[in-house]
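In what follows, a single structure is set out as C-alpha cells and then discussed.
Each value in this text was obtained by applying a stated rule to the coordinates, not by laboratory testing. Remember, predicted model here, so these are calculated numbers, not experimental data. FYI the Cβ positions are ideal-geometry reconstructions off the backbone, even for glycines, and counts take in every protein chain you see.
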Amino acid sequence: MSGESLFPEPSAFLDAEGFIRAHTRLQVPPLVPEMRLFLADELTPLWQATEDTLGKKGLEPPFWAFAWPGSQGMARWILDNPQEVAGKRVLDIGAGGGLAAIAAARAGARAIANDVDPMAIVAARLNAAENGVTIEGVCADLLDTTLLDTDLDAEFVIVGDLCYERALSERLLAWLHRLARTRRVLMAEPGRAFAPRAGVRPVGTYVVPTLFDLENRTERTVVLLEIEAG
Ligand SMILES: C[S@@+](CC[C@H](N)C(=O)[O-])C[C@H]1O[C@@H](n2cnc3c(N)ncnc32)[C@H](O)[C@@H]1O
C-alpha cells in the first residue's frame, strides 16, 4: 500500500516528498548511528510550514520529523537482537518517521509502518529508501480494530512513544493487551505521563539523548516493555 496514494488532500499538497526534503536534513539518530533519517532541527517552524502549505490550522505536530526516544530505543533493541524479528511480519503502530520499522526491515523482517498522519507514511518510506530497505506503509487508525481479520495481521507488533495523551494511551493499551493474546507486542516507553503501570514486563533500558527544543531536557530513559495478554 502506498502512503502517497492515501494522502487526503493531494491537490493541496502535491509534493509531500519535496516538502520533507525542503524542511529537513539527513541526520544520524544518536542511539542508532548506523541510520540516516530526514529530520528537522526545530518543531515550530516546520509545524507552521505544514499548516501554511495545507492551509489548515490546528494540525497535530509533525511528529514524523523527529526520531523520538521511543523509536530510537526500539530500533537499537531490534538491531542488537535481529533474531527476534528476522523473517517475521512486524507492524509498527504510530511509526512516525519509521525508524523502528526500518530497523526491523534491516534485521530481516517484513516491516509495516502505520500512522494516522499521511506525512509520516511518506517520510517513513523515504527514510527506508535512504537506508536501503523497503517498508510498507498504512495510513489508518487501527486501534480498536480486529487486526486478526485484516491483511495487516502481524506476528510482532511494536509501538514507540504513544502514551503522551490520556485518551490515546487508554485506547492503545486496551487494544495492545488484547493483541498480546495471540502475538508478541513490544512497547518502547520514554517516561510519558500515561505510560502503562501494570500488565507489562521490562526487557531492556536505554538512555537516549534528546533535543532540548522538544523535551526540555537532554536525555530520556526508554524502557522496552513486553505487553502482557489481557
Ligand atoms: C511521539 S510520535 C512517535 C513516533 C515514533 N513511534 C517514534 O517513537 O519516533 C507519535 C506518533 O503516533 C502517531 N499516532 C497518534 N495517534 C495514532 C493512532 N491512533 N494510530 C496510529 N498512529 C498514531 C502520530 O501521528 C505520531 O507520528
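With respect to being in contact (Cβ under 8 Å) with a residue 60 or more places away in the chain, closer than 25 Å to Glu51 by Cβ and over 13 Å from the mean Cα position of the chain (by Cα), Leu162 falls outside the description. The residue pairs whose first member lies in region 68-80 and is free of Cβ contacts under 8 Å to residues at least 60 places away in the same chain, whose second member is outside any helix (DSSP H, G or I) and of a type in the set (D, E, K, R), and whose beta carbons are closer than 9 Å, counting only pairs six or more residues apart or on different chains, are Leu79/Glu34. Filtering region 146-166 to residues that are near the ligand (Cβ under 10 Å from one of its atoms) and among the aliphatic types (A, V, I, L, M) leaves Ile158, Val159, Leu162. Looking only at residues in region 53-72 that are more than 10 Å from the ligand (Cβ to nearest atom) and over 15 Å from Gly18 (Cβ atoms), the one that is surrounded by the fewest Cβ atoms within 10 Å (Cβ to Cβ) is Gly58. Scan region 197-230 for residues that are farther than 17 Å from Ser169 by Cβ and in a loop (DSSP other than H, G, I, E, B) and report the count. Residues in region 197-230 being farther than 17 Å from Ser169 by Cβ and in a loop (DSSP other than H, G, I, E, B): 6 in total.
Is it true that some residue in region 130-145 is within 12 Å of the ligand (Cβ to nearest atom), of a type outside the set (A, V, I, L, M, F, W, C) and over 17 Å from the mean Cα position of the chain (by Cα)? Yes, there is a match, as at least one residue in region 130-145 is within 12 Å of the ligand (Cβ to nearest atom), of a type outside the set (A, V, I, L, M, F, W, C) and over 17 Å from the mean Cα position of the chain (by Cα). Selection of region 88-102 for residues being more than 7 Å from the ligand (Cβ to nearest atom) and of a type in the set (Val, Ile, Thr) yields Val90, Ile102.
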